[in-house]
Every structure is written in structure tokens, then in C-alpha cells.
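Undergrad: Quick one: structure below, then a few questions.
The values are calculated or read from the model by the stated rules, or taken from the named source; none is laboratory data. Bear in mind that the values here come from a model prediction, so they are computed numbers and not experimental data. Don't worry about glycine lacking a Cβ; one is built from the backbone with ideal geometry, like all the others, and counts go over all protein chains shown. Each accessible area value is taken on the protein alone, full model and side chains, heavy atoms only, with ligands, DNA and RNA left out. Shrake-Rupley method; radii C 1.70, N 1.55, O 1.52, S 1.80 Å.
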Amino acid sequence: GKVEIAPEAAAAARLLAAQAWEERRTRLATYKPVLGVGTFLQLLLGIATLVSIYAVWLDVAYRNALTGFMDGTVSIDDAIAVEDQWSLSGTIGILMYVIVGVVWIIWMWRLYRNVEAFGRERKHSIHWCIWGWVIPIGSLWIPRMVTGDIWVKSDPDFSRPPSERIPWIINLWWGLFLVSVVIGRGLGFSEPEDIDGWIDLASTYTWIDSFAVILAVVSVFMVRSLTDRQSATHEAVQVDLRSTMPM
């Protein structure tokens with residue numbers, strides 16, 4: 001015959017379901033929106049792109065000024081004026097790098113913190129969002145590792161376990177970043193001893209700043225993809241929470 005559930009057992013089951021739902025609601029309430037900081041980071045990356053494009057133009061201008069000075073077609077005053085602009089461009093570039101880095105860490109920290117709001121466990125400590133960028137050797141893979149886990153745990157489809165597959169945009173971004181780090185360290189900090197050396201340095205920076213343009217553009221798309229993915233996950237969790245509200 002049909003098995004009937006005792007009223008006490010049914011009431012207990014409803015109570016447990018209500019408690020579980022309330023725990024989910026409380027956990028989701030800790031979610032911090034990422035769209036604002038993500039959009040701001042994309043804006044900064046856009047500005048960094050323009051700064052790098054301007055730096056490329058000045059690299060060429062400085063090289064031509066030095067070449068012209070050696071040929072006698074450019075005066076010393078004109079060459080110094082271009083050199084001042086070139087130096088200022090480098091300072092602005094460093095400043096932008098620092099600003100973008102700080103906002104990037106804030107964005108990354110918020111994304112990884114939100115993973116727990118979705119009821120998913122982080123694979124790594126959230127503190128790696130900061131220390132992973134500065135630890136020698138470890139900085140070559142820790143940020144990529146954390147970013148990959150953010151992508152996996154921000155899967156909006158809760159009907160299946162999160163896929164471990166990482167999209168190509170993240171791998172491309174990290175590959176370009178590593179190349180930029182290697183190039184920067186290989187360049188060193190020693191100043192040339194003559195004008196020919198400065199001409200060669202300006203030519204080298206032309207390629208470095210051109211590469212920075214590509215990295216900044218790819219970073220914009222990567223940040224947008226990850227920000228949109230987590231925002232979509234938040235909406236999906238909200239919809240599921242409303243649909244399962246105990247009556």
C-alpha cells in the first residue's frame with residue numbers, strides 16, 4: 001500500500017529544507033557586485049592602451065631625433081625636447097601600470113571572494129590574489145591558477161559540476177603577460193653609454209610598447225569575459241533561489 005509520512009517527519013523535513021534555503025540566501029547575500037569594478041578596470045586598460053600607443057609614437061620620434069642629431073638635421077634643443085617627452089611617457093606608463101595593478105587585485109579578490117557566495121569551494125587561498133603576484137618564481141603561475149579557478153567556480157550552470165576547461169582568452173592573456181615579464185627583465189636597468197646605444201634602446205622600446213598595446217587589448221576582453229560570467233552566475237543563483245523558496 002501507499003506509505004504515508006508521519007506529520008512530525010514531514011514537518012521536520014520542511015524545517016530542514018527551510019533552514020537549508022535560508023543558509024543559501026544568507027550566503028548569497030555576501031556577494032559583492034563585480035560589474036562596477038570590472039568596468040572601471042576595463043576603462044583603465046583602455047587608457048593604458050592609448051598610453052602605450054602614444055609611447056610607441058614617442059619611441060619612433062626619439063629614435064628619429066637622435067638619428068637626426070647625429071646627421072646634423074636636428075638641433076640639440078629639439079632632440080632634448082623629444083627626450084623629455086619620451087622620459088615623461090615612461091613615467092606615465094609606470095604610473096598606469098601601478099594603478100591598473102592595484103585595481104586588478106581588487107577586482108580579482110572580489111571575484112574569488114564571491115565564489116563562496118555561490119556555495120562553491122575555492123581551490124586556493126584567497127590571499128594568493130595578492131601574494132601570488134609578488135612571490136618570486138610562484139608569480140609565474142599562481143595568478144593564472146587563481147584566475148582559472150575563478151572561471152571554473154563561476155560557471156552559471158548549476159545543473160552539473162563546473163567544467164575544468166579554461167577558455168583560450170585566459171591562456172592567451174597569461175602567455176602574453178609572461179612574455180612581457182621576460183622581456184622587461186631581460187632589458188635590465190643599465191643606461192647606454194653613447195648615442196648609438198640610445199638609438200638601439202628606443203628601437204627596442206618600440207617593440208616592447210607595441211607588445212604592451214596587444215597585451216592591454218587582450219586584457220580588456222579577458223576582464224570583460226570573467227566579469228560577465230560571474231554576473232551571469234549571480235543572476236542564475238538568484239533565480240534558482242527564488243524558485244526554490246519554501247512555501
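Undergrad: What FRET efficiency do you get for Ser203 and Leu241 if R0 is 45 Å and r is their Cβ-Cβ distance, rounded to the nearest 0.05?
TA: Using R0 = 45 Å, I get an efficiency of 0.20.
Undergrad: Suppose accessible area is computed on protein heavy atoms with a 1.4 Å probe; arrange Arg27, Arg120 from highest to lowest. Don't jump to the answer; show the numbers that get you there.
TA: Numbers: Arg27 90, Arg120 30 Å².
Per-residue accessible area, sorted high to low, gives Arg27, Arg120.
Undergrad: At 1.4 Å probe size, with the rest of the protein present, what percent of the exposed accessible area of the stretch 12-161 is carbon and sulfur atoms?
TA: Looking at the stretch 12-161 in its full context, I get 69 percent from C and S.
Undergrad: Suppose all protein chains stay in the model; what accessible area per residue would a 1.4 Å probe give for the stretch 103-235, in Å²?
TA: Normalised by residue count, the accessible surface of the stretch 103-235 is 53 Å².
Undergrad: Report Glu121's accessible area, 1.4 Å probe, all protein chains in place, as a number in Å² to the nearest 10.
TA: It works out to around 150 Å².
Undergrad: Could the peptides 28-41, 55-68 be put in order, highest first, of the mean number of other beta-carbon atoms found within 10 Å of their residues?
TA: Working: 28-41: 15.7, 55-68: 19.4.
Going by the mean number of other Cβ atoms within 10 Å, highest first, we get 55-68, 28-41.
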